[in-house]
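A quick write-up on the structure given underneath.
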Amino acid sequence: SLQKVGAGGVWIGDNASLEHLQDLERLERIDGPLRIEKNGALANLDTFRRIESVGEAVVSENTALRELRLDIGLVSGDVIISDNPDLQTLEAFADLQSIGGNLKIERNRALGNLKGFTAKFNTIGSTLSIDGNGALTDVYDLAVNLLSVGCSVIVTNNISLSQCRAEDLDLFEFGGFVETIGGLIDIGDNSAEFDPCH
């Protein structure tokens, strides 16, 4: 019956047999971080109703996780999705409107695309980092909706992502979709393969 958690947040970690989070289906708001880490049997991560807001969202080192469907409206801090080696589906953020901190999608070796971000999502307050996702071939769904990144955009070491696909996350004036980037733009060391995407 848990509905709200204060600044201390929620950490679900190091549970070798945990398969789902259905018992948290009434959760509506977390003022602090939501951290889901190192749960070796967790294959699907769904929220069964919209979580209005969280302070931070971290999904990391869940070795069996294949599908991520988090329905969150607002994240005031960071969103970090990292080191989930079997993660294939990121249909996660249909209602997400903005991220106050960083968005980091890193070292998810089976993740093929960034489908799941919709037109509701258009602002990252700090840095966007997409790094080391070996199967990633497409960032269009994120790029086409993203209007503003407060600090840097880093898209590197995604060995299946062609350079011109990666450049969808560049500034609009340079052929990308993003209207404003407040810091460094580092888009490189991705696939060297030719891709006639423009």
Is at least one residue of the range 47-67 in contact (Cβ under 8 Å) with a residue 12 or more places away in the chain, assigned to a strand (DSSP E or B) and closer than 19 Å to Asn158 by Cβ?
yes
Might you let me know whether the range 82-103 holds any residue that is under 29 Å from Asp14 (Cα atoms), of a type outside the set (S, T, N, Q) and part of a strand (DSSP E or B)?
yes
Verdict on Thr63 being in contact with a Pro (Cβ under 8 Å, 6 or more places away or on another chain) and of a type in the set (Ser, Thr, Tyr)
yes
Working only within the range 119-142, note down all residues that are crowded, with 22+ Cβ neighbours inside 10 Å and of a type in the set (A, V, I, L, M, F, W, C).
Ile124, Leu128, Ile130, Leu136, Val139, Leu142
The range 121-157, subset assigned to a strand (DSSP E or B) and β-branched (Val, Ile, Thr), residue farthest from Val178 (Cα to Cα):
Thr156
For the list (1) within 19 Å of Arg35 (Cβ to Cβ); (2) surrounded by 18 or more Cβ atoms within 10 Å (Cβ to Cβ), I need the number of the one condition that Gly116 fails.
(1)
How about the range 80-101: which of its residues are within 20 Å of Glu61 (Cβ to Cβ), open to solvent by 30 Å² or more (accessible area, probe 1.4 Å) and in contact with a Ser or Thr (Cβ under 6 Å, 6 or more places away or on another chain)?
Asp83
Please work out which residue is most open to solvent (accessible area, probe 1.4 Å), limiting yourself to the range 104-113 and to residues that are at pLDDT 95 or above and in a strand (DSSP E or B).
Lys104
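The values are calculated or read from the model by the stated rules, or taken from the named source; none is laboratory data. Predicted, not measured: the structure shown is a model, and the values here were computed from it. With ideal geometry, Cβ positions are generated from the backbone for all residues, glycine too; neighbour counts draw on all protein chains shown. Side chains are part of the model used for accessible areas, which takes the heavy atoms of the whole protein and leaves out ligands, DNA and RNA. Shrake-Rupley method; radii C 1.70, N 1.55, O 1.52, S 1.80 Å.
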